[in-house]
There are 2 protein chains.
Amino acid sequence: MGVKITIVGAGSAVFSLRLISDICKTPKLSDSLVSLMDIDSEKLRVVHTLAKKIATRFGASVKFESTLDLEKAIKDSNFVINTALVGGHEYLEKVRKISEKHGYYRGIDAQEFNMVSDYYTLSNYNQLKFFLTVAETIQRFAPDAWLLQTANPVFEGTTLIHRNVPIKVVGICHGHYGVVEITEKLGLELEKVSWQVAGFNHAIWLTKFEYNEEDAYPRIDRWIEERSHLWKPVNPFNDQLSPVAIDMYRFYGRFPIGDTVRNGGWKYHRNLETKKRWFGEPWGGADSELGWKWYQEQLARVVNVMKRFANFVEENPSADPFDEKVYDRILSEEDRKLAIHFSAEIGNMLTSSKLSGEQHIPFIDALIGGSRRRLVLNIPNDSKIIPGIPEDVIVEVPVIVDEKGIHPEKIDPPIPQRILKMYLWPRMARMEWALEAFTTGDRRILEEILLRDPRTRSHEQVKKVLEEIMNLPENIEMRKHYSRV
Amino acid sequence: MGVKITIVGAGSAVFSLRLISDICKTPKLSDSLVSLMDIDSEKLRVVHTLAKKIATRFGASVKFESTLDLEKAIKDSNFVINTALVGGHEYLEKVRKISEKHGYYRGIDAQEFNMVSDYYTLSNYNQLKFFLTVAETIQRFAPDAWLLQTANPVFEGTTLIHRNVPIKVVGICHGHYGVVEITEKLGLELEKVSWQVAGFNHAIWLTKFEYNEEDAYPRIDRWIEERSHLWKPVNPFNDQLSPVAIDMYRFYGRFPIGDTVRNGGWKYHRNLETKKRWFGEPWGGADSELGWKWYQEQLARVVNVMKRFANFVEENPSADPFDEKVYDRILSEEDRKLAIHFSAEIGNMLTSSKLSGEQHIPFIDALIGGSRRRLVLNIPNDSKIIPGIPEDVIVEVPVIVDEKGIHPEKIDPPIPQRILKMYLWPRMARMEWALEAFTTGDRRILEEILLRDPRTRSHEQVKKVLEEIMNLPENIEMRKHYSRV
């Protein structure tokens, strides 16, 4: 009998289809039941329709169900993947707009070492609350299930769940693929590279980078010296070898990997001009007003394309939507131009046997006795994987996963003290502050966090911005929660 | 045979005479040799002259020597008390002035949770360097001696020495006397109070406060409710029950003690107006431009009075300078008006058998087999006295001292998590950053610290202020040191 895999927030089409495509390509999972859950029935329909077509294409006997009911989706699951963003991007933008009105460029949730524009840790009461709801529902209706915490903030969320709900939880992100990018840029063969990354989610560092068993950092240094002046971003997210990454490397002594590059301090983020200088023109990185607008537009276009795909399938049940000609017809010229990566990805998803690169399905496969896998996961620091970090904090580290469970690697060489004390400690403190606010409902903690914010000019400003955010119709519960103390 | 006690920076008259008076009043130390060392021979003469008169007055057979030579002073010492401020207040004021010109109100060393105006951790290269020089001199010329680290920054300095020089070191401050002040304000008998404080130097919290074995915090709450509106500071340092202390208590859940009250965040320190609101009129606390000016004036006057005392003694070798009439003649009306505390203290020093309240001599007395004592000392967190703080960090905690050594008390109840994570962690991180800068000579760390400073508007500003500070004639060594990386 196959396993039951639940995707919470399945309406996020590209992400869900990546997972579904991976499931269909994984022999051990060919009998699975995949439960798609979302509160948006229209988006759910799109994903459900396309999911079935993908399964057919790959000849997989995976079954799908879709539901608006969280309990039903989770009941008897073996694996629950939570990817839901409560309130959607719309909520994030509302909060950002209010924040900027009160002098908080890029929003109050943009904080030192946490500049990623949809990684809200302060104003996201509903999101954190929902994390707990999912975890508690698992505890009741599928107590043996693994929760794969994928929705942001992964660091805060996974730590919160780990401390409060006695279920099996792991945080999953894909940020460490920056290592592959560096390897390719240096013209190295990936199989000969031996690497480790360690830190927190969106805060990981290339602690080990060897080629043919020799330190390969000198190769990075050479690339920087000889080639970095030629660097230019091809999209706002293209920052792995940007000036900011190089500057962070020079200061901290190891390379920041993936979204870590986006998570420097205000030095790189003070304003658009500063962002452009460090992340390159024209966008100034993903987390500038320009970069994020680009991303939002891409996202909207992708959602639209997905809908058109689904409509086509429903109107032409017998046609093959993956036929080159149909595919051509569905994607407009504009879609192609903007969504280079996206269309390549669709192509891969539908036509190749290659997995998407997301770690979720390989993780599940390894646990149920498929292939043993090396992954980078967010797990408790129980066995002091990173010394100097408390045991109840979630760290992102390389692990081996097999039928017996998750086996963290020894981080060797260890994380340099400068990274630990000047980067990880402050980032960890912010995680703790956000959770202290959320778990106590003490509004003064949110105030205090903002009082320590360099954009703050007065206590009055702090009170006003929080007041306006909490007055949003979405935040009735949040407001109530933060009136308790 | 008596012990040899060395005071480095003995020119600081009031402080040295306090210690000397304590030594003369401590039977176990009556045969001691006290070595007074300073680089200012004039100040040294004043202290030496008065020291001898104090010994005579108390019939103590303590011997004194004074020297400008550090090695000579330290050689064969049993105890070395380092109280020297390299460059004096003059240097601090120079740096502050430069800083303020570049937009750093109260100086670049005024930082979140470290607002005390002579507790320099960034621009004090010479001071930290001298800490190491003293420690290394002890290691060579008096390897069994205890170093009593008294000069600020005690937290950074004691941790630095502990990690780098294998000698016996303890940090000593008097901040915990705030507990006595609270006790008096509440009208409680001190003997019936059971209390503990814990944290770092200038960052300690009243974790335990019982009266007749019952929690006495409700008594504080009642005082706040009924009496706090009547509070008014009698001098800039009079802040133990100020609005800022009460606000910190309300937020953190325990009372901040002593200089901890001065060490809140920018919420209380943003500008003079803010300081006045929280620390009271007219000064806005010790660390405002007004409060610090008051302190500087007091200090200058005290130095002057001491000099007049010494001159009198030298001109009238047979007269008793402690005769009420002489005393009257030496202190002007102005001296009396300004230096209320000071003159009371002089009176006590010269006429009473009561000890000064400084912990140094009781500490020494306890170690050499005099009275067993309960003190509050700065010692390594070796035995995890404060959980959640690394073992190589110096913590300030209550201890029992006897012939066998220092025995820390168990902190029970423990420090609340909110204090640990929202106050002690950030303060500790700043200590680590300052030491990382100092030990590596990497100027970029000083830049990075300022880049994280809310007063910073641009990288340019940071570079300029550091450049100007390092260009001071006092900072030739510092400049060289910070050019290494």
### Summary
Selection over segment A:387-398 where residues are under 22 Å from the mean Cα position of the chain (by Cα), within 12 Å of chain B (Cβ to nearest Cβ), surrounded by 14 or more Cβ atoms within 10 Å (Cβ to Cβ) and not aliphatic (A, V, I, L, M) yields a count of 0
### Query
Within segment A:344-362, is even one residue more than 22 Å from A:Val165 (Cβ to Cβ), of a type in the set (Asp, Glu), assigned to a helix (DSSP H, G or I) and open to solvent by 20 Å² or more (accessible area, probe 1.4 Å)?
yes
### Query
Just one of A:Leu36, A:Leu50 is crowded, with 21+ Cβ neighbours inside 10 Å, free of Cβ contacts under 8 Å to residues at least 60 places away in the same chain and not in a loop (DSSP other than H, G, I, E, B); which is it?
A:Leu36
### Query
Any idea which residue in segment A:250-273 is farthest from the other protein chains (Cβ to nearest Cβ), counting only those that are of a type in the set (S, T, N, Q) and crowded, with 20+ Cβ neighbours inside 10 Å?
A:Thr260
### Task
Just give me the residues in segment B:438-448 being open to solvent by less than 20 Å² (accessible area, probe 1.4 Å) and either within 10 Å of chain A (Cβ to nearest Cβ) or assigned to a loop (DSSP other than H, G, I, E, B) (or both), in sequence order.
B:Gly441, B:Asp442, B:Ile445, B:Glu448
### Message
So for segment B:98-106 (the condition being open to solvent by 10 Å² or more (accessible area, probe 1.4 Å), under 17 Å from B:Leu148 (Cα atoms) and modelled with pLDDT of 95 or more), does at least one residue qualify?
### Response
no
#### Entry: Residue under evaluation B:Lys384, criteria (1) open to solvent by 10 Å² or more (accessible area, probe 1.4 Å); (2) of a type in the set (D, E, K, R); (3) more than 14 Å from every other protein chain (Cβ to nearest Cβ), criterion not met
(3)
### Query
If the Cβ limit is 7 Å and pairs must be 6+ apart or interchain, which residue in segment B:324-337 that is farther than 13 Å from B:Ala310 by Cα and assigned by TED's automatic domain parsing to the domain that holds B:Glu297 pairs with which residue that is of a type outside the set (Ser, Thr, Tyr) and surrounded by 14 or more Cβ atoms within 10 Å (Cβ to Cβ)?
B:Asp335/B:Arg301; B:Asp335/B:Val305
### Summary
Considering residues that are within 18 Å of B:Tyr120 (Cβ to Cβ), within 11 Å of another protein chain (Cβ to nearest Cβ) and either assigned to a helix (DSSP H, G or I) or in contact with a Phe, Trp or Tyr (Cβ under 6 Å, 6 or more places away or on another chain) (or both), the number found within segment B:449-468 is 4
### Message
Looking at (1) more than 11 Å from chain B (Cβ to nearest Cβ); (2) within 16 Å of A:Gly265 (Cβ to Cβ); (3) not acidic (Asp, Glu), which one does A:Trp425 not meet, given that it meets all the others?
### Response
(1)
### Query
Mind checking which pairs have a first residue in segment A:458-484 that is over 30 Å from B:His269 (Cα atoms) and open to solvent by 20 Å² or more (accessible area, probe 1.4 Å) and a second that is in a helix (DSSP H, G or I) and not basic (Lys, Arg), Cβ under 6 Å, 6 or more apart or different chains?
A:Glu474/A:Tyr91
### Message
Which of the numbered conditions does A:Val169 fail, given that it passes all the others? Conditions: (1) in contact with a strand residue (DSSP E or B) (Cβ under 8 Å, 6 or more places away or on another chain); (2) touching a residue at least 40 places away in the same chain (Cβ under 8 Å).
### Response
(2)
### Task
Exactly one condition in (1) more than 10 Å from chain A (Cβ to nearest Cβ); (2) out of contact with any helix residue (DSSP H, G or I) (no Cβ under 6 Å at 6 or more places or on another chain) is not met by B:Ser356; state its number.
(2)
### Message
Looking only at segment A:54-87, filter to residues that are modelled with pLDDT under 95 and assigned to a helix (DSSP H, G or I); which one of those is surrounded by the fewest Cβ atoms within 10 Å (Cβ to Cβ)?
### Response
A:Thr56
### Residue selected from segment A:306-317 under the condition without any contact (Cβ under 8 Å) to a residue 40 or more places away in the chain and either assigned to a helix (DSSP H, G or I) or among the polar types (S, T, N, Q) (or both), by the criterion nearest to A:Gly88 (Cα to Cα)
A:Arg308
### Summary
By residue number, the members of segment A:122-138 that are open to solvent by 10 Å² or more (accessible area, probe 1.4 Å) and in contact with a strand residue (DSSP E or B) (Cβ under 9 Å, 6 or more places away or on another chain) are A:Leu122, A:Phe130, A:Thr137
#### Entry: Any hit, segment B:399-420, residues being assigned to a helix (DSSP H, G or I) and either of a type in the set (A, V, I, L, M) or more than 8 Å from chain A (Cβ to nearest Cβ) (or both)
yes
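Run down A:Asp328, A:Asp320, A:Asp247 and say which single residue is away from chain B (no Cβ under 14 Å), open to solvent by 30 Å² or more (accessible area, probe 1.4 Å), part of a helix (DSSP H, G or I) and out of contact with any Leu (no Cβ under 9 Å at 6 or more places or on another chain).
Working: A:Asp320 fails: part of a helix (DSSP H, G or I); A:Asp247 fails: away from chain B (no Cβ under 14 Å).
Just a single option satisfies the conditions, and that option is A:Asp328.
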### Query
Just one of A:Ile385, A:Ile379, A:Ile368, A:Ile389 is modelled with pLDDT of 95 or more and within 20 Å of A:Val34 (Cβ to Cβ); which is it?
A:Ile368
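The values are calculated or read from the model by the stated rules, or taken from the named source; none is laboratory data. Source: prediction; values computed, not measured. Neighbour counts are summed over all protein chains in view; Cβ atoms, including those assigned to glycine, are modelled from backbone coordinates with ideal geometry. With ligands, DNA and RNA removed, areas are computed over all heavy atoms of the protein, side chains included. Shrake-Rupley method; radii C 1.70, N 1.55, O 1.52, S 1.80 Å.
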